[in-house]
Amino acid sequence: MAALGQSITRNAIGLALFAVITAGTIAVTHAFTSDRIQDQIREAEAGALLQIIPEDQHTNDLLAATQPVGPDEQLGLSETLSVHIARKNGKVTGVILPAVTHNGYSGDIHLLVGIGADGRILGVRVTQHHETPGLGDKVETKKTSWVYSFNGKSLENTSRSEWAVAKDGGQFDQFTGATITPRAVVDAVHNALLYFQAHRDTLLAPTAGMSATHGDQG
């Protein structure tokens, strides 16, 4: 009986150690994986910035010229993120706003919306989503050219009723078998334009996005 008890004790200790080691391994793996995912998201956003406002269209460091925005209901932001300010020869020529729509088919859709000083869309990029492959993922530029349909649009040249998918009487195509995703993105882009209109003076101020210590070289 004593031997049996010792065997049970050894097995229990072995199982406990195995559980501890397994839990630790999972925690470490999750930490490394989470960091890698965040790095990939940041890289995707950095690439998207320069797609929206290419390097030959600004003379400042677009990645460094930022100012905080959010939390903000209109932009769908639950945390503070960064607005990127573009300058050419010292004058603000455009901004890139972060936006999130919570109305995607499979959850939140994160976007960057570039808006010129004249209020026209410079470009839109989806940086993160969980939409259905082959359907909602057509918001990605590597899948279709759909997001380019926003280029040049503004509150002045596109009426409120036109800021909708074709199924709802608007100007923007929906996807075959998927209307929820494009509808959510159209609404998010329109809301970004409304935000820009309401905060135009601040966003286009001469000192917008300038570093207090290093200034701005553009």
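The residue that is least open to solvent (accessible area, probe 1.4 Å), counting only those in the stretch 83-131 that are among the polar types (S, T, N, Q) and under 11 Å from the mean Cα position of the chain (by Cα), is T101. Selection of the stretch 177-204 for residues being among the β-branched types (V, I, T) and in contact (Cβ under 8 Å) with a residue 12 or more places away in the chain yields T179, I180, T181, V185, V186, V189. When the stretch 181-218 is examined, which residues are found to be farther than 15 Å from V92 by Cβ, modelled with pLDDT under 95 and open to solvent by less than 10 Å² (accessible area, probe 1.4 Å)? Residues satisfying the conditions do not exist here. Taking the numbered list (1) of a type in the set (G, A, S); (2) in contact with a helix residue (DSSP H, G or I) (Cβ under 9 Å, 6 or more places away or on another chain); (3) in contact (Cβ under 8 Å) with a residue 24 or more places away in the chain in turn, G169 passes all entries but (3). Looking across V95, V189, one residue alone is assigned to a helix (DSSP H, G or I) and of a type in the set (A, V, I, L, M, F, W, C). It is V189.
Selection of first residues in the stretch 84-111 that are within 20 Å of G134 (Cα to Cα) and of second residues that are open to solvent by less than 50 Å² (accessible area, probe 1.4 Å) and of a type in the set (K, R), restricted to Cβ pairs under 7 Å at least 6 apart or on distinct chains, gives the following pairs, ordered by first then second residue: L111/R125.
The values are calculated or read from the model by the stated rules, or taken from the named source; none is laboratory data. Because the structure is predicted, anything quoted here is derived from the model rather than measured. Note: ideal-geometry Cβ built from the backbone for every residue, glycine included; neighbour counts use all protein chains shown. We work out accessible area using only protein heavy atoms, side chains counted, and drop any ligands, DNA or RNA first. Shrake-Rupley method; radii C 1.70, N 1.55, O 1.52, S 1.80 Å.
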